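What follows is one structure encoded as structure tokens, with my remarks underneath.
The values are calculated or read from the model by the stated rules, or taken from the named source; none is laboratory data. Since we're looking at a predicted model, the values are computed, not measured. Methodologically, a virtual Cβ is constructed for each residue, glycine included, from the backbone with ideal geometry; neighbour enumeration extends over all protein chains shown.
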């Protein structure tokens, strides 16, 4: 009788240890799946965030490009609206003043654009070779 | 050899794909443009004599480079075209800096 009991206890111990081992293995697998799930979620979020940033950036870029094209046309329309040859012939000194003022303004605006580009790196300066 | 035995469980290899955060070093941007302004003389028959005598007095001899009004308009167009290009390129630089700068920075 005691031999049967010992046998049953032995079988039960073996079954318990097998179940414990199986449970530990499943817990490890579960942990690995949880980790993979989290990493994949993070990866998807990161990709979505990058895509959003790039889309917004490209739309802004497109809008500004159109704005610069319009600005250029607006400046050049001055020549279409006025007959510069006729005006220069009639009032050379007046046109001379305006032409020089226009050149000064456009050069200053180009310098301003380049200054804005230079400031993008937070003020790091490349020095001029000719001063 | 031990793992060839089917009774001993094999260790599974987990393959996970995730994007790497790249650290792109941003270059120092070019020095700003420093433009010098030329002086335009507008000359017609009304002030031709005055212009010629002024040039001779200022330069010591009668020599100058001349440009017709349509050519001046071309120069103005070219300058505007360069300005447009610089502006558009600036926006591209801004875009690339934005998308390649780490969010944590």
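Anything in segment A:98-112 that is surrounded by 14 or more Cβ atoms within 10 Å (Cβ to Cβ) and under 22 Å from residue A:85 (Cβ atoms)? List them, or say none. Those that are surrounded by 14 or more Cβ atoms within 10 Å (Cβ to Cβ) and under 22 Å from residue A:85 (Cβ atoms): A:98, A:99, A:100, A:102, A:103, A:106. Got at least one residue in segment B:31-44 being outside any loop (DSSP other than H, G, I, E, B), modelled with pLDDT of 85 or more and out of contact with any helix residue (DSSP H, G or I) (no Cβ under 6 Å at 6 or more places or on another chain)? Among the residues of segment B:31-44, not one is outside any loop (DSSP other than H, G, I, E, B), modelled with pLDDT of 85 or more and out of contact with any helix residue (DSSP H, G or I) (no Cβ under 6 Å at 6 or more places or on another chain), which makes the answer no. Looking across B:56, B:49, B:73, B:88, one residue alone is modelled with pLDDT of 90 or more, in the same structural domain as residue B:101 (by TED's automatic domain parsing) and farther than 30 Å from residue A:50 by Cβ. It is B:73.
Against the conditions (1) more than 22 Å from residue A:101 (Cβ to Cβ); (2) at the interface with another protein chain (Cβ under 10 Å from one of its Cβ atoms); (3) exposed (fewer than 13 other Cβ atoms within 10 Å of the Cβ), residue A:74 satisfies every one except (1).
With respect to residue B:65, determine if the residue is closer than 28 Å to residue A:72 by Cβ and modelled with pLDDT under 95. Here the answer is yes, as residue B:65 does meet what is asked. Among the listed residues B:94, B:99, which satisfies the condition of being within 30 Å of residue A:48 (Cβ to Cβ), within 7 Å of another protein chain (Cβ to nearest Cβ), assigned to a helix (DSSP H, G or I) and touching a helix residue (DSSP H, G or I) at 6+ places or on another chain (Cβ under 7 Å)? Exactly one residue qualifies, and that residue is B:99. Any residue at all in segment B:51-60 that is part of a helix (DSSP H, G or I) and at the interface with chain A (Cβ under 8 Å from one of its Cβ atoms)? Checked against the condition, which is being part of a helix (DSSP H, G or I) and at the interface with chain A (Cβ under 8 Å from one of its Cβ atoms), segment B:51-60 yields no hits at all.
Among the residues of segment B:61-73, those identified as surrounded by 12 or more Cβ atoms within 10 Å (Cβ to Cβ) and facing another protein chain (nearest Cβ under 10 Å) are B:69, B:72, B:73. Taking every residue in segment A:23-34 that is part of a helix (DSSP H, G or I) and pairing it with any residue that is modelled with pLDDT under 90, at least 6 positions away or on another chain, the pairs with Cβ-Cβ distances below 7 Å are A:32/B:14.
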